[in-house]
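Notes follow the structure.
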Amino acid sequence: MNAIYARQSVDKKDSLSVAGQIDLCQKYAGEGVCVFCDKGYSGKNTKRPAFMELMESVKKGEIQKIYVYRLDRFSRSIADFSRLWEVLQQYGVEFQSVTEQFDTSSPMGRAMLHIVLVFAQLERETIAERVKDNYVHRFRLGAWPGGPAPYGFDLTKIMAEGRQVSSLAANEKAKVVQVVFEEYAKPNTSLRSIARTLTEKGIHGPKREAWDNVTLSRILHSPLYVKADEDVYWYYAANGLQIQQDMECFDGIHACNIIGRRARDKNQYHSMEGQMLTVASHEGFIDSGLWIRVQHKLNKNPQISRKNAGKYSWLTGLMKCEQCGYAIKINYMKTEDKHYLVCSGRSNFAICDTAVQVNLRELEHYVAGRIAEMLEETPSKVNLPDTKERASQILEIEQKIDRLVEVLAESSAVSGSYITEKIEALHKERETLMKRGENKPHQTEQLNFHALAFEEKKIVAAQFIDKILLSGEHVNIMWKI
């Protein structure tokens with residue numbers, strides 16, 4: 001059976017519709033073909049419903065030849081297409097692009113396919129580079145470079161270099177920002193106390209109702225709110241930022257903006273090297289003196305490294321608060337050499353009053369004993385993902401999920417819906433890794449859970465446990481079997 005694949009990400013005047021692509025392909029494929037189409041999906045990856053269904057049919061030996069309108073309808077990535085082409089060759093499936101006039105049933109067609117794919121990738125990378133250059137250019141103009149408006153601002157338009165660009169204008173939420181700065185500058189206030197007060201007053205945060213330390217810290221660190229003057233200039237100059245203007249441009253009226261990535265495994269805000277600062281086109285509303293005092297107070301707060309997240313226990317990711325449902329995180333007190341279990345809903349969002357009083361090592365000991373008992377009841381040969389590489393990948397994914405759940409956003413430009421999407425994608429990736437090898441089972445001897453490595457214990461525990469609910473001294477283990 002022959003197949004037609006069509007794809008269109010968005011409707012555009014200069015883009016052929018899915019129906020138009022199918023009609024053109026049918027002139028070459030004839031009647032009686034199976035049609036697969038994805039509408040509203042990008043070609044930058046292969047995670048498309050109809051496309052995955054097509055590849056499943058290929059692997060079942062049901063497809064002899066695939067017809068597409070253009071190569072980029074099938075894939076835009078050289079790496080993806082190289083892997084796909086190996087699959088097509090493995091199952092003896094031919095491939096034809098009807099408008100680019102090449103057919104992989106001939107040597108010339110195969111050569112043309114690779115050449116066209118190289119140029120398609122080059123075009124994509126060139127466009128990405130132009131977008132990046134345009135982003136930096138808008139930033140250097142002082143315009144808002146892109147993304148949703150930060151908390152306390154609305155997007156507006158201004159003229160710069162003869163064209164309209166985006167800028168920011170303070171809105172009614174700027175009063176909340178002003179209060180946050182003023183309260184935090186007081187000697188005995190903390191991020192947590194301010195977050196609790198704002199939440200109790202029913203003042204909604206940037207992305208959800210509850211406020212947390214991370215959101216407040218991001219606002220307080222931001223130069224988008226300050227009336228940038230000479231003091232602000234010297235503050236950033238002393239911290240090693242690449243300042244785009246001379247000190248005379250810091251007029252005490254306009255705010256500043258920063259771009260550049262932070263090292264997430266180091267002191268996130270304390271190290272500013274490699275970041276760029278420019279005077280923004282919009283006006284600030286926080287006096288520089290107040291802003292500087294807040295920065296000095298923030299800099300005294302220790303920045304906790306996340307590089308060891310998920311490494312304190314093989315139960316990380318399974319423990320949840322029974323009251324609010326948020327993740328239970330592990331705080332390690334080096335001076336006491338002790339691990340404490342803390343509800344994220346309580347520590348981060350001040351929306352829960354649960355105090356977990358469960359001993360982590362006793363919990364691990366109990367769970368390990370139960371799993372060992374269940375393993376003894378299994379046959380002498382069991383199926384288990386057997387590579388340390390896969391175990392390491394799963395551990396890394398769980399750390400990413402833990403980090404996203406903790407901070408919810410890496411920067412103010414990332415929306416809550418995007419973070420949720422990322423968490424769901426990571427969960428799917430984790431499940432895929434867990435299931436890999438099930439169709440081709442790897443036979444191992446009877447498992448001794450106590451003798452397993454840390455990463456292997458995490459894999460086995462996740463196969464047996466759905467979640468562990470904690471509240472006070474109470475433990476409720478939700479087993480999958």
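With the condition kept exactly as written, say whether any residue in region 61-80 is modelled with pLDDT of 85 or more, of a type in the set (V, I, T) and under 30 Å from Y225 (Cβ atoms). Among the residues of region 61-80, not one is modelled with pLDDT of 85 or more, of a type in the set (V, I, T) and under 30 Å from Y225 (Cβ atoms), which makes the answer no. A Cβ distance below 7 Å, combined with a sequence gap of six or more or placement on separate chains, defines the contacts here; from region 191-210, residues that are in contact (Cβ under 8 Å) with a residue 60 or more places away in the chain reach residues that are in a helix (DSSP H, G or I) and surrounded by fewer than 17 Cβ atoms within 10 Å (Cβ to Cβ) in the pairs K207/G416; R208/G416. So for region 252-260 (the condition being open to solvent by 80 Å² or more (accessible area, probe 1.4 Å) and out of contact with any Lys or Arg (no Cβ under 7 Å at 6 or more places or on another chain)), does at least one residue qualify? No, region 252-260 contains no residue that is open to solvent by 80 Å² or more (accessible area, probe 1.4 Å) and out of contact with any Lys or Arg (no Cβ under 7 Å at 6 or more places or on another chain). For the condition of a type in the set (F, W, Y), in contact (Cβ under 8 Å) with a residue 40 or more places away in the chain and either open to solvent by 30 Å² or more (accessible area, probe 1.4 Å) or farther than 19 Å from H282 by Cβ (or both), Y184 qualifies.
The sole residue among L168, L141 that is among the aliphatic types (A, V, I, L, M) and open to solvent by 30 Å² or more (accessible area, probe 1.4 Å) is L141. Look at region 452-468: where a residue is free of Cβ contacts under 8 Å to residues at least 60 places away in the same chain and farther than 12 Å from L318 by Cβ and a partner is outside any loop (DSSP other than H, G, I, E, B) and open to solvent by less than 50 Å² (accessible area, probe 1.4 Å), sitting 6+ places away or on another chain with Cβ atoms under 9 Å, you get L452/I459; L452/V460.
Criterion applied to V136, V118 was being of a type in the set (A, V, I, L, M, F, W, C), modelled with pLDDT under 85, assigned to a helix (DSSP H, G or I) and open to solvent by 60 Å² or more (accessible area, probe 1.4 Å), and the one residue passing it is V118. Of the residues making up region 46-64, one or more are of a type in the set (D, E), in contact (Cβ under 8 Å) with a residue 40 or more places away in the chain and either out of contact with any Lys or Arg (no Cβ under 9 Å at 6 or more places or on another chain) or not in a helix (DSSP H, G or I) (or both).
Within region 146-168, can you find the residues that are in a strand (DSSP E or B) and in contact (Cβ under 8 Å) with a residue 12 or more places away in the chain? Residues satisfying the conditions are F153, D154, L155, T156, I158, A160, V165, S166, S167, L168.
In the set (1) at pLDDT 80 or above; (2) among the hydrophobic types (A, V, I, L, M, F, W, C); (3) open to solvent by 10 Å² or more (accessible area, probe 1.4 Å), the condition left unmet by I304 is number (1).
The values are calculated or read from the model by the stated rules, or taken from the named source; none is laboratory data. Please read all numbers here as calculations on a predicted model, not as lab measurements. Here the Cβ is made from the backbone with ideal geometry for all residues, glycine too, and neighbour counts use every protein chain on show. Surface accessibility is based on the protein's heavy atoms, side chains included, excluding ligands, DNA and RNA. Shrake-Rupley method; radii C 1.70, N 1.55, O 1.52, S 1.80 Å.
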